[in-house]
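Derivation of every value follows stated rules applied to the coordinates shown; laboratory data play no part. Model, not experiment: these values are computed from the prediction. Glycine gets a Cβ as well: all are built from the backbone with ideal geometry, and neighbour counts include every protein chain shown.
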Amino acid sequence: MHSVTLASGPPWPLIIGIGSVLLIGLFLLSFIANRYRRCPSNRVLVVYGKVGAQRAAKCLHGGGTFVWPLIQNYAYISLEPLTIEIDLTQALSLKNIRVNVPSTFTIGISTDPAIMNNAAERLLGLTERAIADQSRDIILGQTRLVIATLTIEEINQNREKFLDLVNKYCAAELNKIGLEVINVNIRDITDESGYIEALGRKAAAEAINQAKIEVAEADRSGSIGEATANRTKEVEVANQMAHSAMGQKQAERDQRIKVASLEAEGISGEATAGREQEVAIAEQKSLATQGSKQAEQEQRVRVASLEADAVEGENKSQADIANYNATLDEAKAAAKRRGEVALAEASRDVLLAEKEQELARLEKEEIAKQMIEKKRVEIDAEAEAEKRRRIARGEADAILARYNAEAEGTKAVLEAKAAGYDKLVQLCGDQKQLAPTLLMVEKMPELVREQVKAISNLKIDKVTVWDSGDGQNGNGSTAGFLRSLIGSLPPMHELAEQAGIDLPQVLGQVAERSKAPNPATPLAQSPPAKSKGEAAEE
């Protein structure tokens, strides 16, 4: 029989199924790619419709999201900043002065999630012009409110505070519609009354006056500073020289202390090393002696035991065992005794070494401290002596300077007086006798003042004059005294008048020359002579 092989065709149903699946996958992929929206960095993606959670829209800045067809849609809001010119005029300040505040505001959509939702609800679909108009109205109102709470001085002088308040109030209101303030630029602040200009002139005048005061103070400070610097330089030079001398002495002291410390440490180290060496040698000797004795003991015991076993038998062996035990106890006692002796010797060596170490430590610490204290006392005494010498030298210089100044002053006064006297003598010319008279006239007020002081406190009720009556021409000495006194009054008054001195009233007054009596007329009638032995009371 012949077999017949039929050729089979391609599996069309399988190919159609695979193609259908691929087409459906391509359709779904294209659908998803078409409905997935990405958000650029300069925009806000607003997905509105059914977004869940009782929200009107969902806002995204950056990234992307899937937008479902039919139930959702999307739109973009630009984040590019807007510049708004604010021409604020006639704004009423706190002192009822109207000011003009032209400014420039830069605003934009905020990227804060809550504020972005406000922008999606209130600004979606509006043009830039509409957004700028809404913002301008809000900014004008809030700026007027801020100006109403400030004075002209606060607005003009404290610009930072003014800008902070404007930012605060305007940002709070702009956030309600999804905007934020990026920058505020106040171009100028003016008023129609000229108050700000007057404040400027006042400030300029105060600045000029303050500058003049500061220049004068700087000059004064410069002079004072120069004198202070010179004085400080001299003091510093003296201090540095003193510090240099003290540093040199201190370095010498530290060197001596360091050398003593190193020597003490060397002595202490040598003592410690010697002690350790002696202790180690003693221990080794003790161990060697113990080993040798133990070996000898074992050898004797072994020999004795073998001899006892061979010669005496069991009984001798027991006796030898007893002897062995006794010898062993003795050996133990001897070994113990030797060990205790070695231990005592080692302890003694340790104590001696500790004693040497303690002596070295005391020498290092106490003696070094005493030496340091002694040196410190010497340095302090030298410093105190030098201080007292300098103080005494300064006081001596001050006393010498004072006496020199007094001597110079006295010398100058005497030279001036000598020059004046010389000039006075030259002016007198040939009449040299006038010079003493003028000097007496110059001293007359002082002489009269001293005479008045001498008799000012005397109480005189009466004056009794005893006259012997033996005067010439029948006149007594009392009459002569009164005549000479009255005769000397006119020259005294004339001299006092030339010197510009007022004599006491008790010396009388000189009448005018037109009313003066005849020169031939005696100034005073001499009283009649009294007989010898009579007394006259006046």
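Here the Karplus curve 6.51 cos²θ - 1.76 cosθ + 1.60, taken at θ = phi - 60°, turns the phi angles of the stretch 348-365 into couplings of 4, 4, 5, 5, 4, 4, 5, 4, 4, 5, 5, 4, 5, 5, 4, 5, 5, 7 Hz, with x standing for Gly and Pro. For the stretch 435-449, the Karplus equation 6.51 cos²θ - 1.76 cosθ + 1.60, evaluated at θ = phi - 60°, returns couplings of 4, x, 4, 5, 5, 5, 4, 5, 8, 4, x, 5, 4, 4, 4 Hz by residue, with Gly and Pro reported as x.
When peptides 213-222, 351-360, 64-73, 163-172 are ranked by their average number of other Cβ atoms within 10 Å per residue, the highest-first order is 163-172, 351-360, 64-73, 213-222. Distances between placed amide hydrogens fall under 5 Å for VAL67 paired with TYR36, ARG37, all partners being 5 or more residues away or on another chain.
Between the amide H of LEU88 and those of VAL101, SER103, distances stay under 5 Å, these residues lying 5 or more places away or on another chain, with hydrogens modeled in the peptide plane.
For the stretch 34-79, the share of DSSP beta bridges that are antiparallel, to the nearest 5, is 100%.
With the biggest extent put first, the Cα atoms of the stretch 80-193 measure 45, 23, 19 Å across the principal axes. Summarising the label geometry, the points placed 7 Å from Cα in the beta-carbon direction at ASN325 and ASP112 lie 10.7 nm from one another.
Each part reduced to its alpha carbon centroid, the stretch 39-58 and the stretch 60-96 end up 15 Å apart.
In this structure the amide hydrogen of SER93, modeled in the peptide plane, comes within under 5 Å of the amide hydrogens of ARG98, VAL99, none closer than 5 places in sequence on its chain. Converting phi to 3J(HN,Hα) with the Karplus coefficients 6.51, -1.76 and 1.60 and the offset θ = phi - 60°, the stretch 276-290 yields 4, 5, 5, 4, 5, 4, 4, 5, 5, 4, 5, 5, 5, 5, 4 Hz in sequence order, with x at every glycine or proline. If you take the square roots of the eigenvalues of the alpha-carbon gyration tensor of the stretch 249-408 and sort them as a ≥ b ≥ c, do you get rounded (a/c under 1.5), prolate (a/b over b/c) or oblate? Prolate. In a reduced charge model with +1 at each Lys and Arg Cβ and -1 at each Asp and Glu Cβ, the stretch 249-408 shows a dipole moment near 540 debye about its Cα centre.
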